[in-house]
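Working notes, beginning with the structure itself.
The values are calculated or read from the model by the stated rules, or taken from the named source; none is laboratory data. Everything numeric here is computed off the predicted structure, so don't read it as measured data. Heads up, the Cβs are rebuilt from the backbone with ideal geometry, glycines too, and the neighbour counts pull from every protein chain shown. Heavy atoms of the whole protein, side chains included, go into the accessibility calculation; ligands, DNA and RNA do not. Shrake-Rupley method; radii C 1.70, N 1.55, O 1.52, S 1.80 Å.
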Amino acid sequence: MLDLFFQQLINGLSLGALYALIAVGYTVVYGIVQLINFAHGEIFMVGAFGAFATWMLLGQPTDWGVSASLLILLPLMLLGGIVVSVTVALLTERFAYRPLRNAPRLAPLITAIGVSVFLQEFVRLFYGRIPGFPDAKSAIPFPSVAGISGEIVRIGSVTIQMPALFTIVALAISTLFLWFFVNRSKTGRAMVATSQDPDTARLMGINVDKVIVAAFAVGAGLAAIAGVAHGLNYGNIDFRMGFLAGLKAFTAAVLGGIGNINGAVVGGLVLGVVEAMATTFIPGQFGSSAWKDVWAFALLILVLVFRPQGLLGAKVVDRA
Amino acid sequence: MLEVKDMVVAYGRVNAVKGISFTVEEGQIVTLLGTNGAGKSTTLRAVSGLLKLVSGEIWFQGARLDGTPAHRVVELGIAQSPEGRRLFRQMTVEDNLKLGAYSRRDTAAIRSDMDRVYDLFPVLGSRRSEPAGLFSGGEQQMLAIGRAMMSRPKLLMLDEPSMGLSPIMTQTIMKTIRDLQADGVTILLVEQNAQAALSLADRGYVLEVGQIMFSDTGRNLLGDDRVKLTYLGAD
Ligand SMILES: Nc1ncnc2c1ncn2[C@@H]1O[C@H](COP(=O)(O)OP(=O)(O)OP(=O)(O)O)[C@@H](O)[C@H]1O
Ligand SMILES: [Mg+2]
């Protein structure tokens with residue numbers, strides 16, 4: 001029983017780490033422009049496709065050893081995914097959201113939904129048109145990375161899949177990076193100031209346009225890492241993968257307190273663990289995996305009833 | 001140094017400032033007086049680039065200023081301590097001052113300017129790692145002024161620095177403003193406390209519902225019957 005608990009805890013943490021990596025993007029953008037960027041799930045999706053494209057450009061290596069895979073292939077795939085996600089995020093910010101900066105709130109929200117549909121369809125219709133690339137109208141298999149894919153580590157009787165461990169480690173490193181960025185870098189401090197009081201931030205000489213760009217870029221970078229983690233964990237990627245992951249990550253951001261970076265991380269982890277535990281410890285059909293989304297959203301509703309501001313609730317990008 | 005010509009500023013369709021003109025000469029302290037809602041804060045916000053002009057012009061050091069984005073205005077040498085202080089309350093004193101110096105890159109000089117603020121307001125220095133929100137109103141006002149000084153402005157605009165302060169604290173603030181002038185900083189001061197402001201000011205402008213009614217030297221305005229009646233509590 002206890003072993004099963006720890007097993008599910010690990011599973012939940014890795015699922016939660018995936019949610020958390022995506023959730024940060026919702027929260028930093030919301031903290032600064034009060035926009036719920038519904039296209040953020042698609043930024044995660046294009047990151048995975050960007051990583052896949054990098055692998056294609058490297059000549060579809062399948063026989064690289066462990067060290068070459070971990071030191072060269074994986075970093076390059078991550079980098080490729082990040083470049084694609086950040087580029088797409090900045091283009092959407094520049095051409096879809098910025099023109100609507102002073103429009104009524106509903107306009108950018110609807111635009112975000114439009115961007116989301118556009119990106120899905122774009123990948124579905126055009127990915128396969130790139131010479132040599134597989135058709136993306138349905139799921140495509142994600143390349144395996146030696147040393148991670150299919151590997152496990154055992155601690156006592158608890159088995160940890162390497163891709164799950166990768167996700168958790170990636171979140172840990174990203175959170176550390178975020179902490180330094182927010183608390184120590186000038187741009188990070190400007191971001192916090194802007195989220196607290198944009199007009200006064202401008203009186204300090206902060207270029208708010210640049211801060212918004214930085215917020216989109218940071219969120220997109222982490223989403224791309226999540227995209228690679230998703231590919232490694234599930235073995236395939238799909239143009240629709242951003243929808244449910246994005247919805248869950250958004251739930252995680254709200255759960256933790258939207259606008260709060262720590263909240264996004266905590267919210268993601270809590271959500272992942274609750275889902276994993278619910279499918280194991282709730283008896284009968286209510287514990288079947290078909291019900292796990294029900295428990296996830298039930299948790300959200302419960303938290304919002306008793307703590308409307310979320311678990312870590314302030315309405316600002318707090319110190320990470 | 002600063003020249004505002006026929007400036008009109010609106011919120012939506014309502015004009016809050018209806019064609020005002022005034023000048024601030026280098027090295028002067030100039031004050032804008034006016035009842036609530038006269039348009040004083042709106043004027044400062046427009047100069048800072050936070051609000052767009054409907055019509056009119058702003059000139060600073062011989063160059064056209066209106067249309068310049070707010071962050072560039074700071075880089076050009078205009079700082080504002082806004083009405084109600086607007087500190088970053090969850091951030092420490094030190095972080096607030098650092099943000100005030102955001103437009104600068106000369107780290108060593110920033111450090112020494114920060115020490116100068118701490119010399120000027122010792123309470124800030126001794127509690128520099130505490131969040132700004134924990135300080136009293138007067139202390140917060142000192143921090144707001146200190147923060148605005150951190151950009152090393154040529155023109156410093158202060159919006160009601162004495163608001164909510166005790167007479168003693170008001171005197172301290174007014175003395176600080178005079179010291180800043182002695183250091184070569186030009187000052188545009190918006191005040192409800194006309195007595196204090198006019199005693200300092202080289203020149204004063206009196207605003208009413210978005211228009212300048214009259215202007216004169218600080219000394220003359222202190223003796224002016226109209227000013228006495230409305231702003232100095234008639235006697
Ligand atoms: N954000 C805003 N939206 C709409 N109207 C505004 C806004 N801010 C100010 N106003 C209006 O513009 C006019 C001028 O306001 P402003 O704040 O400039 O006055 P003020 O002279 O600074 O007054 P006070 O002494 O009370 O600070 C007022 O009629 C006010 O109601
Ligand atoms: Mg005002």
Study note, to complete from the structure: A student asked for the Cα radius of gyration and Dmax of chain B in angstrom ought to give 17.2, 52
Practice item. Using only the alpha carbon atoms of the range A:8-108, find the Kirkwood hydrodynamic radius as the inverse mean reciprocal pair distance, in angstroms to one decimal. Key: 15.6 Å
Exercise for review: Provide the solvent-accessible area of B:TYR118, counting protein heavy atoms only and rolling a 1.4 Å probe, rounded to the nearest 10 Å².
Suggested key: 10 Å²
Point to revise | Distribution of pairwise C-alpha distances over the range B:85-152, 5 Å bins, in % | key: 4, 20, 35, 26, 12, 3, 0
Check your understanding: Any idea how far apart B:PHE214 and B:GLU25 come out in nm if each label point goes 7 Å out from Cα toward Cβ?
Key -> 2.1 nm
Exercise for review: Mark the label point 7 Å from the Cα of B:GLU130 along Cα→Cβ and return the residues of the range B:93-119 whose backbone N is within less than 17 Å of it.
Suggested key: B:93-97, B:118-119
Check your understanding: When Cβ neighbours within 10 Å are restricted to other protein chains, what is their mean count per residue of peptide A:192-201?
Key -> 5
Exercise for review: Please arrange A:ILE10, B:ILE145, B:ILE168 by accessible surface area, largest first, computed with a 1.4 Å probe and ligands excluded.
Suggested key: B:ILE168, A:ILE10, B:ILE145
Review point. Per-residue accessible area for A:ASP3 at 1.4 Å probe radius, Å² rounded to 10?
Key: 80 Å²
Review point. Taking the Cα-to-Cβ direction at B:GLU75 and at B:GLN195 and moving 7 Å from each Cα, how far apart do the two end points lie in nm?
Key: 4.5 nm
Point to revise | Under 29 Å between alpha carbons - lysine pairs in the range A:9-306 that sit 8 or more apart or on different chains | key: 5
Check your understanding: Percentage of Cα-Cα pair distances in chain A greater than 24 Å, rounded to whole percent?
Key -> 53 percent
Practice item. Indicate the residues belonging to the range B:53-84 that lose 10 Å² or more of solvent-accessible heavy-atom surface (probe 1.4 Å) upon moving from the chain alone to the assembly of all protein chains, ignoring ligands and nucleic acids. Key: B:ALA70, B:HIS71, B:VAL74, B:GLN80, B:PRO82
Review point. So what is the relative contact order of chain B, in percent, for Cα pairs below 8 Å that sit 6 or more residues apart?
Key: 26 percent
Check your understanding: What Kirkwood hydrodynamic radius, in Å, does the range B:18-152 give when the mean of 1/r is taken over all pairs of distinct Cα atoms and then inverted?
Key -> 16.2 Å
Exercise for review: Grab the beta carbon distance between A:ASP293 and A:LYS186, set R0 = 56 Å, and tell me the FRET efficiency rounded to 0.05.
Suggested key: 0.85
Exercise for review: Kindly write out, for the range A:246-262 in residue order, the coupling ³J(HN,Hα) from the Karplus curve 6.51 cos²θ - 1.76 cosθ + 1.60 (θ = phi - 60°), rounded to whole Hz, with x marking Gly and Pro.
Suggested key: x, 4, 5, 5, 4, 4, 4, 5, 5, 4, x, x, 5, x, 10, 5, 4
Check your understanding: Amide H to amide H under 5 Å from B:PHE214: which residues, 5+ apart in sequence or cross-chain, H placed 1.01 Å off N in plane?
Key -> B:VAL206
Check your understanding: Counting each DSSP H run of 4 or more residues in chain A as -39500 (n - 2.57), what helix-only mean residue ellipticity at 222 nm follows after dividing by all residues, to the nearest 500 deg cm²/dmol?
Key -> -22500 deg cm²/dmol
Review point. Residue-wise, which Karplus ³J(HN,Hα) couplings in Hz belong to the range A:5-19, taking 6.51 cos²θ - 1.76 cosθ + 1.60, θ = phi - 60°, and x for glycine or proline?
Key: 4, 5, 4, 6, 4, 4, 4, x, 5, 6, 4, x, 5, 5, 4
Practice item. Rounded to the nearest 0.05, what FRET efficiency do A:ASP3 and A:THR62 give with R0 = 41 Å and r taken as the Cβ-Cβ distance? Could you check? Key: 0.70
Review point. Per residue, what accessible area does the protein assembly as shown have, given a 1.4 Å probe and all protein chains present, in Å²?
Key: 43 Å²
Review point. Dividing the alpha-carbon Rg of the protein assembly as shown by 2.2 N^0.38 Å yields what?
Key: 1.17
Review point. Points 7 angstrom from Cα along the Cβ direction at B:ASN36 and B:GLN90: gap in nanometres?
Key: 3.1 nm
Check your understanding: Counting pairs of Cα atoms in the range A:189-320, how many percent are more than 22 Å apart?
Key -> 48 percent
Review point. When the Kirkwood radius is taken over all Cα pairs of the range B:145-235, what Stokes-Einstein diffusion coefficient follows at 37 °C and 0.692 mPa s, in µm²/s?
Key: 236 µm²/s
Study note, to complete from the structure: The equivalent-ellipsoid semi-axes of the range A:87-215, taken as the square roots of five times the Cα gyration tensor eigenvalues and listed largest first in whole Å, are 36, 27, 12
Review point. Which whole-angstrom value gives the distance between the alpha carbon centres of the range B:121-149 and the range B:14-69?
Key: 28 Å
Check your understanding: For A:LEU79 and B:GLN171, what does the FRET efficiency come to when R0 = 60 Å and r is the distance between their Cβ atoms, rounded to the nearest 0.05?
Key -> 0.50
Review point. How large is ³J(HN,Hα), in whole Hz, for each residue of the range A:110-119 in order, when computed from phi with the Karplus curve 6.51 cos²θ - 1.76 cosθ + 1.60 and θ = phi - 60°, using x for Gly and Pro?
Key: 5, 4, 4, 5, x, 4, 4, 5, 4, 5
